[in-house]
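Asker: The structure under discussion is supplied below as structure tokens; questions concerning it will follow.
Computed from the coordinates by the stated procedures, all read-outs in this text should not be read as laboratory data. Remember, it's a predicted structure, so these values are computed and weren't measured experimentally. Cβ placement follows ideal geometry from the backbone for every residue including glycine, while neighbour counts extend to all protein chains displayed.
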Amino acid sequence: VWRFAADHGVIPVAVAVDEHGLEADRLERAQVQAVLLTPAHQFPLGGVLPPDRRQQVLAWARHHRAFVIEDDYDAEYRYNRQPIGALQGLSPDRVIYIGSASKILAPALRLGWLAAPPSLLPALIYHKRFADFGSPLLEQLAYAEFLRDGGLDRHLRRMRIVYRRRRDALISALARHLPAWRPVGEAAGLHLVTTLPPGLTEQLVVQKAAARSIRVYPMRDYSQRRLKTSALVFGYGFLTEEHIERGIVELAKALSKD
Ligand SMILES: Cc1ncc(COP(=O)(O)O)c(C=O)c1O
């Protein structure tokens, strides 16, 4: 997103997040015209933006006539409670809501949607047209049919159970084989973050993992600033429970050889 914005003439500004998501009181000082947020599940730390911060973001947007871009990317896969309401419903004239089929169904579809304030529609239609000359029509029709006949709801209900089992398998394997690694942000989505114990660097773990064909992602790839804590991002959406267990066992073995 950072690179995409910069390539399109927008100057991106990093704003700090904590375990609850965006530190909303920092927006004022950032002097920006729009903010991109993942309030349902901060990417990648996993916090849910609390109600007071939601109000703060919306008040900031109203006061500065700024826009909030709400990337609602993980709302459907929440394991501890009902999906969380979108910001967009609270302020439809300031929030541009974006969603896509990537996490819900398959990233290969390349289908997405947005709900934007009507004043932005002419510009959005113009830029969308010249960005790609339109999204694939047959896939859109098939997706619409899938929505209409309840197929998507059935798929989500089924996959919520499958992904939850995969998440539980990862948490359980970490607890047994790498107990000092602390999972965070695991209540939703298809990934989680673990903090590493002191003395272990992200680079070392990523290298050792890669040598055994295991891919984990260093937290520093997701941050514009140097972080005080080392952490890794684990994606579990496309792995079976057996693969998850095997991966963590292998990783623990690789690290114990030091
Ligand atoms: C934070 C976030 N937003 C959105 C998406 C979906 O992106 P796209 O719809 O371009 O595939 C992802 C996918 O990985 C993501 O991590």
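Asker: In segment 99-146, what count of residues is obtained for those that are part of a helix (DSSP H, G or I), aromatic (Phe, Trp, Tyr), within 16 Å of the ligand (Cβ to nearest atom) and exposed (fewer than 14 other Cβ atoms within 10 Å of the Cβ)? Spell out the reasoning first.
Answerer: Applying the first criterion (part of a helix (DSSP H, G or I)) to segment 99-146 yields 101-104, 107-109, 118-132, 137-146.
If we keep only those that are aromatic (Phe, Trp, Tyr) too, we end up with 126, 130, 143, 146.
If we keep only those that are within 16 Å of the ligand (Cβ to nearest atom) too, we end up with 143.
Add one more test, that the residue is exposed (fewer than 14 other Cβ atoms within 10 Å of the Cβ), and what stays is none.
Of the residues in that region, 0 qualify.
Asker: Then there's this: Looking at this structure, is Ala231 touching a strand residue (DSSP E or B) at 6+ places or on another chain (Cβ under 7 Å) and more than 21 Å from Arg164 (Cα to Cα)?
Answerer: Working: touching a strand residue (DSSP E or B) at 6+ places or on another chain (Cβ under 7 Å): yes; more than 21 Å from Arg164 (Cα to Cα): yes.
Criteria met by Ala231.
Asker: For Leu255, work out the one condition from (1) in contact with a Lys or Arg (Cβ under 7 Å, 6 or more places away or on another chain); (2) in a helix (DSSP H, G or I); (3) crowded, with 19+ Cβ neighbours inside 10 Å it doesn't fulfil.
Answerer: (3)
Asker: Let me ask something else about it. Starting from segment 100-122, keep only residues that are of a type in the set (Lys, Arg), then list their pairs with residues that are within 9 Å of the ligand (Cβ to nearest atom) and assigned to a loop (DSSP other than H, G, I, E, B) whose Cβ atoms are within a distance under 6 Å, requiring at least 6 positions of separation or different chains.
Answerer: Lys103/Tyr73
Asker: I would also like to ask the following. Go through segment 208-228 residue by residue and tally those that are assigned to a loop (DSSP other than H, G, I, E, B), aliphatic (A, V, I, L, M) and either closer than 27 Å to Val162 by Cα or touching a strand residue (DSSP E or B) at 6+ places or on another chain (Cβ under 7 Å) (or both). Before the answer, list the steps.
Answerer: Our first condition is that a residue be assigned to a loop (DSSP other than H, G, I, E, B); within segment 208-228, this holds for 212-216, 223-228.
Now restrict to residues that are aliphatic (A, V, I, L, M): 214, 216, 227.
Still in the running and either closer than 27 Å to Val162 by Cα or touching a strand residue (DSSP E or B) at 6+ places or on another chain (Cβ under 7 Å) (or both): 214, 216.
Residues flagged as assigned to a loop (DSSP other than H, G, I, E, B), aliphatic (A, V, I, L, M) and either closer than 27 Å to Val162 by Cα or touching a strand residue (DSSP E or B) at 6+ places or on another chain (Cβ under 7 Å) (or both) within segment 208-228 amount to 2.
Asker: Then there is this: Quick one: would you say Asp52 is exposed (fewer than 12 other Cβ atoms within 10 Å of the Cβ), over 24 Å from Arg220 (Cα atoms) and either touching a residue at least 24 places away in the same chain (Cβ under 8 Å) or touching a helix residue (DSSP H, G or I) at 6+ places or on another chain (Cβ under 9 Å) (or both)?
Answerer: Working: exposed (fewer than 12 other Cβ atoms within 10 Å of the Cβ): yes; over 24 Å from Arg220 (Cα atoms): yes; either touching a residue at least 24 places away in the same chain (Cβ under 8 Å) or touching a helix residue (DSSP H, G or I) at 6+ places or on another chain (Cβ under 9 Å) (or both): yes.
Yes; evaluated as a whole, the condition is true for this residue.
Asker: Condition check: crowded, with 20+ Cβ neighbours inside 10 Å and either under 17 Å from the mean Cα position of the chain (by Cα) or among the hydrophobic types (A, V, I, L, M, F, W, C) (or both). Does Tyr77 satisfy that? Break it down stepwise before answering.
Answerer: Working: crowded, with 20+ Cβ neighbours inside 10 Å: yes; either under 17 Å from the mean Cα position of the chain (by Cα) or among the hydrophobic types (A, V, I, L, M, F, W, C) (or both): yes.
Considered against the rule, which asks whether it is crowded, with 20+ Cβ neighbours inside 10 Å and either under 17 Å from the mean Cα position of the chain (by Cα) or among the hydrophobic types (A, V, I, L, M, F, W, C) (or both), Tyr77 comes out as yes.
Asker: Considering only segment 1-98, give the helices (runs of 4 or more DSSP H) lying wholly within it that have at least 1 residues that are within 16 Å of the ligand (Cβ to nearest atom). Show your work before the answer.
Answerer: Numbers: elements: 2-7, 27-30, 51-64.
Ranges flagged: 2-7.
Asker: Residue check, Ala86 against (1) closer than 20 Å to His155 by Cβ; (2) without any contact (Cβ under 8 Å) to a residue 60 or more places away in the chain; (3) surrounded by 14 or more Cβ atoms within 10 Å (Cβ to Cβ), all met but one. Which one?
Answerer: Failed condition: (1).
Asker: Here is a further query. Just need a number here: residues in segment 161-207 that are outside any helix (DSSP H, G or I) and either on the phi > 0 side of the Ramachandran plot or not β-branched (Val, Ile, Thr) (or both). Write out each step before concluding.
Answerer: Going residue by residue through segment 161-207, those that are outside any helix (DSSP H, G or I) are 178-201.
Right, trim to either on the phi > 0 side of the Ramachandran plot or not β-branched (Val, Ile, Thr) (or both) and you get 178-183, 185-192, 196-200.
Residues meeting the conditions: 19.
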